[in-house]
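Following: one structure in structure tokens, then a few remarks.
The values are calculated or read from the model by the stated rules, or taken from the named source; none is laboratory data. Remember, predicted model here, so these are calculated numbers, not experimental data. Note that each Cβ is placed from the backbone with ideal geometry, even for glycine, and that neighbours are counted across all protein chains shown. These accessible areas exclude ligands, DNA and RNA; they are computed on the full protein's heavy atoms, side chains included. Shrake-Rupley method; radii C 1.70, N 1.55, O 1.52, S 1.80 Å.
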Amino acid sequence: MKINTEDLLKAGVHFGHIARKWNPNMRPFIFMKKGGIHIIDLAKTISKLEGACNGLKKIAKNGKKILLVGTKAQAREKVIHYAKSINMPCITERWLGGLLTNFTTIRKSVKKMNNIEKMKKNGTFDTLSKKERLLIDRLYAKLYKNLGSISNMNHIPGGIFLVDPNKEKIALTEAKKLKIPIFAMVDTNTNPNDVQYPIPSNDDSSKSIDIILKFVSEAIQHGVSIKNERENKNTVNRKS
């Protein structure tokens, strides 16, 4: 689907924050000030979104996962929806400190969660006492709430997408530390210099978040499809 100004306008992508709350580094992406609110230059949004989509497609084409992060209320449902549609990990609850920088420990917790699921499937869980089942259920609920959405992320992701870097400061810091490419929606109160692929856009409206995630997920899916086609060709060639 082609990115066009009209669709972005309809979704309110151009609405920035109150002018006095701006980050001066966003100056190149601001079109004008209207009624005390900064208006984002959608021509710059389209250009940056296209660049980000190309970068994401490349990562997905190489078979790496992209972690989608959005813990603010307006972003949660959208992030879950698009992450599921393209089979990518996501974080919509609290970001656990060390999720990336202490990934080995996080993976142990994910394994614990997966083992409980296995116990429930193979009947082992039913052989336990009522008290043990209750304790395990509580542990599972806690683990699933925080880690269920990253259970398919076996390695450090190849890229991370943030809906609002100001809200996701810890995620941003950890990704920078590990030199993971960062893609993000940056509103007029954000420092775009913290992000390799900033997408100037309204990060407070669910409509705006939805349309940006739509393009982003399409690009990722395209990359995954290219990877799958390549693998299928190689399999066919080996057999013949």
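Among the residues of region 141-174, those identified as of a type in the set (A, V, I, L, M) and within 12 Å of the chain's Cα centre (by Cα) are Ile150, Ile160, Leu162, Val163, Ala171, Leu172.
Every condition in (1) buried (at least 19 other Cβ atoms within 10 Å of the Cβ); (2) of a type in the set (D, E, K, R); (3) closer than 17 Å to Pro200 by Cα holds for Lys65 except the one numbered (3). Considering region 23-43, the residues that are open to solvent by less than 80 Å² (accessible area, probe 1.4 Å) and in a helix (DSSP H, G or I) include one that is nearest to Leu213 (Cα to Cα), namely Leu42. Report yes if Gly16 is of a type outside the set (A, V, I, L, M, F, W, C), closer than 14 Å to Asp187 by Cβ and in a loop (DSSP other than H, G, I, E, B), otherwise no. Here the answer is no, as Gly16 does not meet what is asked.
Hand me the list of helices (runs of 4 or more DSSP H) wholly inside region 45-149 holding 1 or more residues that are touching a strand residue (DSSP E or B) at 6+ places or on another chain (Cβ under 8 Å). Spell out the reasoning first.
Numbers: elements: 73-85, 103-122, 130-147.
Those helices (runs of 4 or more DSSP H) span 73-85.
The residues on offer are Val110, Val186, and the sole one that is out of contact with any His (no Cβ under 7 Å at 6 or more places or on another chain) and under 19 Å from Val79 (Cα atoms) is Val186.
For first residues located in region 7-29 and basic (Lys, Arg), partners that are in a loop (DSSP other than H, G, I, E, B) and open to solvent by less than 30 Å² (accessible area, probe 1.4 Å) and lie 6+ apart or on another chain with Cβ distances below 8 Å form the pairs Lys21/Thr188.
Would you confirm whether or not region 84-103 contains a residue that is free of Cβ contacts under 8 Å to residues at least 12 places away in the same chain and either among the polar types (S, T, N, Q) or open to solvent by less than 60 Å² (accessible area, probe 1.4 Å) (or both)? Yes, region 84-103 contains at least one residue that is free of Cβ contacts under 8 Å to residues at least 12 places away in the same chain and either among the polar types (S, T, N, Q) or open to solvent by less than 60 Å² (accessible area, probe 1.4 Å) (or both).
Considering each residue of region 175-193 in turn, at least one proves to be touching a Lys or Arg at 6+ places or on another chain (Cβ under 7 Å), surrounded by fewer than 22 Cβ atoms within 10 Å (Cβ to Cβ), closer than 23 Å to Lys10 by Cα and not small (Gly, Ala, Ser).
Residues being farther than 20 Å from Ile91 by Cβ and out of contact with any helix residue (DSSP H, G or I) (no Cβ under 6 Å at 6 or more places or on another chain) are represented in region 197-205 by at least one member.
Restricting attention to region 146-174, and to residues there that are of a type in the set (Val, Ile, Thr) and within 15 Å of Glu93 (Cα to Cα), which single residue is surrounded by the fewest Cβ atoms within 10 Å (Cβ to Cβ)? Even if it seems obvious, please write down each step before you answer.
In the first step, residues of region 146-174 are kept if they are of a type in the set (Val, Ile, Thr); the result is 150, 156, 160, 163, 170, 173.
Now narrow it down to the ones that are within 15 Å of Glu93 (Cα to Cα): 150, 163, 170.
Details: Ile150: 21, Val163: 27, Ile170: 16.
Only one residue fits best here, namely Ile170.
For region 154-163, the criterion of being assigned to a helix (DSSP H, G or I) and in contact with a Phe, Trp or Tyr (Cβ under 9 Å, 6 or more places away or on another chain) is met by none of the residues.
If you check Lys207, Lys179 for being more than 26 Å from Thr105 (Cα to Cα) and not in a strand (DSSP E or B), only one passes: Lys207.
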